[in-house]
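Engineer: Pasting in a structure now, in structure tokens, and then I'll have a few things to ask.
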Amino acid sequence: MKRALYLDQAPGESRGVVTLDGRPERLLIQRTDDPPGQRLGAVLVGRVRRVDRSLASLFIDLGEGPDAVLPLSGAGGLAEGAAIEVEIAAEAHAEKGAVVRLLGPSEGPPRLLRPALALENLLAGFADIAEAAALAIEHALPGGGSIAVEPTRALVAVDVDLGAASGDARRRVRAVNFAAIDHAARLLRLKALAGIVAIDLVGTGHDGAALTAAAKAAFAADEPGVSIGPISRFGLLQLVTPRRFRPVHDIMFGPDGATSPRTVGLRLLRALEREGRADGGARLMAT
């Protein structure tokens, strides 16, 4: 396997793309006005605002943005009001705050101690992605068939479609299911989708051991934190992957599901910059 890394810097935002064997695998977006203390890897002083034992969580005031969540299991008996040093382990998304891990006790008000890595540094450890593929729902599989990846409020649904069948049907079903698992793992990383994932495989009488082994290999890049369940008698493969980055859909679209004005504006700036480089000194008008 061959990975390539690309960095695209433009007014207002930087985009990092990682490709695996020439196909986009991951898309990372940083915008200049995003809170630096909410990015993966940032280290901050936070203050315990609330301990909620019913949710097994502590809510941490980071000084900006929504309260972060610290799992009770990693809190070591902290009380409300305690100042602690934390690291962002998973970025905030939608209306949910970031997840942090405890580094140790601290003092003083909530504040940023160390910003997250710049995008060019993050790219050194990530795989490639492209915006169009990250926002698409349906994706063709090599050799035929397709998968549709759709996030819901509760989980991410991956529907596998056999397509126009030809030749040995049983062999084709097996090949499509293995390809679907491999590409689902890549596309979920590309879209920054995580949590509970349900893959609806085609056919019946699946080779559970072989498909589970394929899933473990396909999602190995998401470790630690991947948990794979058995395949149900209805052909449903369920797994859990760790949530780290804000979904690309949340960044690019508004609450109504349409491309956000901010995204449109940044695309316009990108187009102006591209045309300006191609025709230096020209007078450009953008609408």
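The values are calculated or read from the model by the stated rules, or taken from the named source; none is laboratory data. Not measured: the values here are computed from a predicted model. For neighbour counting, all protein chains shown are included, and Cβ atoms are generated from backbone atoms with ideal geometry for every residue, glycine included. Each accessible area value is taken on the protein alone, full model and side chains, heavy atoms only, with ligands, DNA and RNA left out. Shrake-Rupley method; radii C 1.70, N 1.55, O 1.52, S 1.80 Å.
Engineer: Could you please report the charge total around residue 84, scoring K, R as +1 and D, E as -1 over all other residues with beta-carbon less than 10 angstrom from its beta-carbon?
Structural biologist: Here the count lands on -1.
Engineer: Give me the net charge of residue 49's neighbourhood, meaning all other residues with Cβ under 11 Å from the Cβ of residue 49; Lys, Arg count +1, Asp, Glu -1.
Structural biologist: That sum, taken over residues with Cβ under 11 Å, equals -2.
Engineer: Can you send over the carbon and sulfur percentage of the accessible area for the stretch 1-82, probe radius 1.4 Å, protein chains only?
Structural biologist: With neighbouring chains kept in place, the figure for the stretch 1-82 is 52 percent.
Engineer: Follow-up question, since we're still on this one. What are the lysines whose alpha-carbon lies under 29 Å from the alpha-carbon of residue 2, with same-chain residues fewer than 8 places away excluded?
Structural biologist: Straight-line reach from residue 2, under 29 Å: 191, 216.
Engineer: Which whole-number percentage describes the relative contact order of the chain, with Cα contacts under 8 Å and a sequence gap of 6 or more?
Structural biologist: 17
Engineer: How high is the FRET efficiency between residue 169 and residue 135 when r is their beta carbon distance and R₀ equals 45 Å, given to the nearest 0.05?
Structural biologist: 0.85
Engineer: Quick one: accessible area per residue over the stretch 122-272, 1.4 Å probe, rounded to a whole number of Å²?
Structural biologist: Accessible area per residue, the stretch 122-272: 49 Å².
Engineer: On to the next question. Treating only the Cβ atoms of Lys and Arg (+1) and Asp and Glu (-1) as charged, compute the dipole magnitude of the chain about its Cα centre; round to the nearest 20 debye.
Structural biologist: Roughly 340 debye, rounded to the nearest 20.
Engineer: Using DSSP loop states and a limit of at most 12 other Cβ atoms within 10 Å to flag GluC sites (Glu not before Pro), what is the longest stretch of the chain containing no flagged site?
Structural biologist: 108-287
Engineer: Once you keep just the Cα pairs under 8 angstrom separated by 6 or more residues, what percentage relative contact order results for the stretch 13-89?
Structural biologist: Computed value for the stretch 13-89: 28 percent relative contact order.
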